[in-house]
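The structure appears right after this line, and notes come after that.
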Amino acid sequence: MVNFDPIFVGLYGLAIGQLALVAFGVLLVGSEYSSGTIRTSLAAVPRRGMVFGAKVLVGALVGLVVSVATVIATFAVSQAALGPYRTTFGVDGVPSAVAGGCAYLTLVCVFSIGVAALLRSSVVSLGILIPLLFLGSQGLGNVRALRAAVQYFPQQAGMVLMHLTGPQDDPRFAHDYGVWGALAILLAWTAAALTGGCLTLYRRDA
């Protein structure tokens, strides 16, 4: 079958499935602000950095476990459905794509935690994250004048990490970086969000 990529079929659904981890990351922090329980948490543990670090650690661990289970199950089920066109975990390119999917979903979850801590609102955080991760890069990425900047959005880096961008020699899919560059971009977005969230927690009243 011409131009058929079983990896693309197996992992593309994760671009939509990430919504669950985004919502989890946002609610992990945002729900405390909306309910006022953040005051109780800080009264019990006055060291704000420790409170924030614990939340990030818990969110990252849960995100990692869910990501690994989701990516492996999604890929296995989709390949079983493809019949003679399927691929396997042992084929060249598949292990790195699956590992990339796990890394991307985990980092998106942690990134969402940082954004929620920075904005202190679940509604506002989701209102920004959903367009950023689901709409902006897909729609704006098709605008030639914006493509050079949009390629550095988290979702675009995630697509590269999961090998879902198509051939690099096709101008519709070309990016100025590879897999390791994509990982660095996602780590930079995540670090920036966590830094902003931590500073906000330190500098503003609960």
ask   = Has region 26-35 got any residue that is free of Cβ contacts under 8 Å to residues at least 40 places away in the same chain and surrounded by fewer than 19 Cβ atoms within 10 Å (Cβ to Cβ)?
value = yes
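Which residues, taken from region 128-157, are closer than 17 Å to G17 by Cα and at pLDDT 75 or above?
Of region 128-157, the ones closer than 17 Å to G17 by Cα are 129-138, 154-157.
Hits for region 128-157 are L129, I130, P131, L132, L133, F134, P154, Q155, Q156, A157.
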message = Yes or no: region 113-121 includes at least one residue that is within 22 Å of G196 (Cβ to Cβ) and not in a helix (DSSP H, G or I).
response = yes
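V56 - would you say it is closer than 23 Å to Y12 by Cα, touching a residue at least 60 places away in the same chain (Cβ under 8 Å) and of a type in the set (V, I, T)?
Values: closer than 23 Å to Y12 by Cα: no; touching a residue at least 60 places away in the same chain (Cβ under 8 Å): yes; of a type in the set (V, I, T): yes.
So V56 does not fit the description; no.
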key: Extreme residue, most open to solvent (accessible area, probe 1.4 Å), among residues of region 36-80 that are within 15 Å of A117 (Cβ to Cβ) and among the polar types (S, T, N, Q)   = T37
query = in a helix (DSSP H, G or I) and either open to solvent by 50 Å² or more (accessible area, probe 1.4 Å) or in contact with a helix residue (DSSP H, G or I) (Cβ under 7 Å, 6 or more places away or on another chain) (or both): does that describe V91?
reply = no
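So, A97, is that one at pLDDT below 90 and under 23 Å from L132 (Cα atoms) or not?
Details: at pLDDT below 90: yes; under 23 Å from L132 (Cα atoms): yes.
Yes.
The values are calculated or read from the model by the stated rules, or taken from the named source; none is laboratory data. Every value quoted in this text rests on a predicted model; they were computed, and no experiment measured them. Don't worry about glycine lacking a Cβ; one is built from the backbone with ideal geometry, like all the others, and counts go over all protein chains shown. Heads up: the accessible areas ignore ligands, DNA and RNA and are worked out on the full protein's heavy atoms, side chains in. Shrake-Rupley method; radii C 1.70, N 1.55, O 1.52, S 1.80 Å.
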